[in-house]
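Notes follow once the structure below has been shown.
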Amino acid sequence: MAIDSTREIALKILYDINEKGAYSNISINKYLEGHELKSIDRAFITDMVYGAVKWRLTIDWIIEQFSSVKIKKISPWILNILRLGVYQLIYTDKVPESAACNESVNLAKRYGHQASSRYVNGVLRGIARNKDGIKYPDKKKNFNQFLSVKYSHPQWLVDQWIERFGRDFTESLLSSNNEIPDFTVRVNTLKASKEQLIESLKESGIDVENGKHLDEAVVIKNPSSITKLEAFKKGYFQVQDESSMLVAKVLDPKPGEFVMDVCSAPGGKSTHIAQIMNNEGTVISRDVHEHKIKIIEEAVNRLGIRIVKTELFNAVELDERHIEKADRVLIDAPCTGLGIIRKKPDIKWARNIEDKKEITALQRRILDTCSRYVKPGGFLVYSTCTIEHEENEDIIEGFLKENKSFQPVDIAPLLPEALKKPGTEKGYVQLYPNVDRLDGFFIAKLQKRR
């Protein structure tokens, strides 16, 4: 019995994500780097894993209609084999039904037993024969459940967003979260011009186009094995979404300044800050995890940046050496990450309704502590990759009520024309994937009074 190696790798990754709580992007990279694979196979594995994670709730809904065993009682290996099989049957048009069923049965023989393989065969063949007969929640009777199942998002999140945004905006947001986002990189102007980068990428067979809003942004249309590209090795670019690039733009650092980035991993914003500063001045780039510091250092070295100094430091602890010393401080705060579900679909399954209480408390502690590093007349930028107002506007407004020494700064002049919206004059902007076609991001800017 020959097992298809690409599907087996996809199964192992999916098992790590769903059963061990691994991060999707990290687990995928680990397995892909550990195997010699053709580009087409890497793309197939990535699509299978992200697809099965993204559509997990809907896939499980479908499995339950054709399974004689309740989802909770199916062994994890077999359940994940079924999920991959259903994803191929329902959500792809490139995989023949026979291949989706037969390869799943082969996997079930290896990761289960004879009865498991017969069970998997029965469930998947039943689904293949009755695709048009799959029942979904009644839209009129339970609209929230209908959206939850149709767009594969946990119902608590759907309920919360409908209450906040209304039905139409929520459905648009859910739909957008299931789209595949642009793969965007930032030109490292310290080493190459945009034209040089584009030429190098095209020589490597990469299709590119300009980003939506920023000159530094380049969209790669057929990303594969990015780290093996000559342009990557030479440090011509850094992988970064445009909404993340906007953070350094709003911070607006100047050459020669002293800047602190207190939650900096994986280093995209720190290296962008250094780039804007033209490698002149000092950027303290901190993180609480040693392995993440190494990731920042690798990026700094590859990009040819001299002014970034990495430090292992917990942002909730006060470093008295730097009180009122920094010209600018960036707090890219830990958050629920609910603005980047398009990129990391496992986030919607990893989070729960209680997470925000713990996270907002941490955000406020970091803000209270690190605001003390800002010198009189200096600037503080607070950013998150979430769309939850408790982690964004509420944090900033609460901080300003208790810290009269800070005032909001109108950031409209620092934003691209298309992203200037209500709120920017109050010192912040909230980006949404369904509205702005970027990662969901919040960026606020404050100035310490002289």
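Only the coordinates and a few stated rules stand behind these numbers; no lab work does. Remember, it's a predicted structure, so these values are computed and weren't measured experimentally. Cβ sites come from the backbone with ideal geometry, for glycine too, and all protein chains shown count toward neighbours.
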(message) What's the ranking of 234-243, 400-409, 361-370 by average number of surrounding C-beta atoms within 10 Å, highest first?
(response) 234-243, 361-370, 400-409
(request) Please report, largest first and rounded to whole Å, the three semi-axes of the ellipsoid equivalent to region 5-133, where each semi-axis is the square root of five times an eigenvalue of the C-alpha gyration tensor. (result) 22, 16, 14
(message) What's the ranking of 335-346, 424-435 by average number of surrounding C-beta atoms within 10 Å, highest first?
(response) 335-346, 424-435
(request) Taking the Cβ of each residue in Glu163, Glu417, Glu297 as the centre, tally the other Cβ atoms inside 10 Å and list the residues starting with the fewest. (result) Glu417, Glu163, Glu297
(message) Test of understanding: ordering Ser5, Ser104, Ser244, Ser371 by Cβ neighbours within 10 Å, fewest first, what list do you get?
(response) Ser5, Ser371, Ser244, Ser104
(message) Give me Leu124, Leu79 sorted ascending by neighbouring Cβ count inside 10 Å, so fewest comes first.
(response) Leu79, Leu124
(request) Translational diffusion coefficient, Stokes-Einstein: compute it for the chain using the Kirkwood radius over C-alpha pairs as Rh, at 20 °C and 1.002 mPa s, and state it as an integer in µm² s⁻¹. (result) 91 µm²/s
(message) Under the rule a/c < 1.5 gives rounded, and otherwise a/b versus b/c splits prolate from oblate, where does region 242-448 land using the Cα gyration tensor?
(response) rounded
(request) For every helix of n ≥ 4 consecutive DSSP H residues, a contribution of -39,500 (n - 2.57) applies; sum these over the chain, divide by its total residues, and give [θ] at 222 nm rounded to the nearest 500 deg cm²/dmol. (result) -14000 deg cm²/dmol
(message) A 22 angstrom limit on the alpha carbon distance is what I want to check against. Which of Lys30/Lys292; Lys38/Lys233; Lys38/Lys191; Lys73/Lys109 exceed it?
(response) Lys38/Lys191
(request) Using packing as a proxy for protection, rank 208-217, 8-17 so that the peptide with the highest average count of other Cβ atoms within 10 Å comes first. (result) 8-17, 208-217
(message) Starting from the 7 Å offset along Cα-to-Cβ, what nm value, one decimal, do you get for the label separation of Asp252 and Glu33?
(response) 3.8 nm
(request) Calculate, for Val288 and Arg129, the FRET efficiency according to 1/(1 + (r/R0)^6) with r their C-beta to C-beta distance and R0 51 Å; round to the nearest 0.05. (result) 0.45
(request) For the pairs Lys356/Lys445; Lys254/Lys356; Lys150/Lys426; Lys325/Lys404; Lys54/Lys94, note any where the Cα-Cα span goes beyond 25 Å. (result) Lys254/Lys356; Lys150/Lys426
